[in-house]
1. Compute the relative contact order of the range 68-165 as a whole-number percentage, counting only Cα pairs closer than 8 Å that sit 6 or more residues apart in sequence.
2. Taking the chain as a Gaussian network, Cα atoms linked when under 10 Å apart, which of Ile79, Ile124, Ile114 shows the biggest mean-square fluctuation?
3. Relative contact order of the range 2-140, please, whole-number percent, based on alpha carbon pairs below 8 angstrom and at least 6 residues apart.
4. Pull out the extension gain between Glu123 and Ile79, defined as 0.36 nm times the separation in residues minus the alpha carbon to alpha carbon distance; nm, one decimal.
5. Search the structure for amide H atoms under 5 Å from the amide H of Ile76, placed 1.01 Å from N in the peptide plane, and list their residues when 5 or more places away or on another chain.
6. Taking springs between alpha-carbon atoms closer than 10 angstrom, which of Asp24, Asp60, Asp89 fluctuates most in the Gaussian network model of the chain?
7. How far apart, in nm, are two points set 7 Å out from the Cα along the Cα-to-Cβ line at Val161 and at Asp89?
8. Could you calculate the FRET efficiency of Ala143 with Asp60 from 1/(1 + (r/R0)^6), where r is the beta carbon distance between them and R0 is 35 Å, rounded to 0.05?
Amino acid sequence: MPHGLTLRRAGAERDERLGSVFSDVPIGLGDVFSRPTAGGGGFGDPLERDPHLVVEDVKDDYVSLGRAAKDYGVVIRTIDAELCEYELDEAATAALRAELRASRVADARIDPEIVAARFRAGEINALDAIRRHAVILDWGTGALLPQSTRQFRESFERRSVAKWA
């Protein structure tokens with residue numbers, strides 16, 4: 001997953017990070033410029049979102065099947081991806097949501113160094129580090145940013161964890 005503004009030159013194996021402010025960067029045929037943006041932060045507990053609305057978000061390509069499960073606890077079966085036909089698995093969704101509810105306070109308080117190591121090992125991605133573990137890393141190297149993590153966790157505790165506990 002690219003982080004920040006990047007440019008991958010045609011035939012290159014790696015992205016070139018452009019930073020947040022740049023100008024006069026030529027783009028050639030076959031080059032790929034990426035500017036990832038965050039979706040809406042949403043309002044309320046993601047595990048309380050209507051699962052049928054999450055299915056619609058998957059159909060509209062706003063949310064992947066994997067993120068539907070990880071972020072919303074919604075298990076969706078693919079009937080025909082070409083035709084955008086998906087089906088909510090209500091029993092699996094209820095079970096997954098119960099599992100996520102049981103673990104999310106501990107997940108948000110796990111040692112940040114463990115999260116950083118899991119990120120560097122490719123076990124989790126940036127979204128998991130932030131959304132599930134409230135950890136901020138240097139996304140290029142995977143190094144823990146302790147002050148940013150401490151500040152973010154303080155806010156995350158007030159905004160979210162306090163409502164879960």
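What follows is calculated from the coordinates using simple rules that are stated; it is not laboratory data. Since we're looking at a predicted model, the values are computed, not measured. Neighbour counts run over all protein chains shown; Cβ positions are idealised from the backbone, glycine included.
1. 19
2. Ile79
3. Worked out over the range 2-140, it gives 15 percent.
4. That pair, Glu123 and Ile79, stretches by 13.0 nm at full extension.
5. Sorted by chain and number, the residues that satisfy this are Asp89.
6. Result for the chain, Cα springs under 10 Å: Asp24 fluctuates most.
7. For the pair Val161/Asp89, the computed spacing is 3.1 nm.
8. FRET efficiency, Ala143 to Asp60: 0.45.
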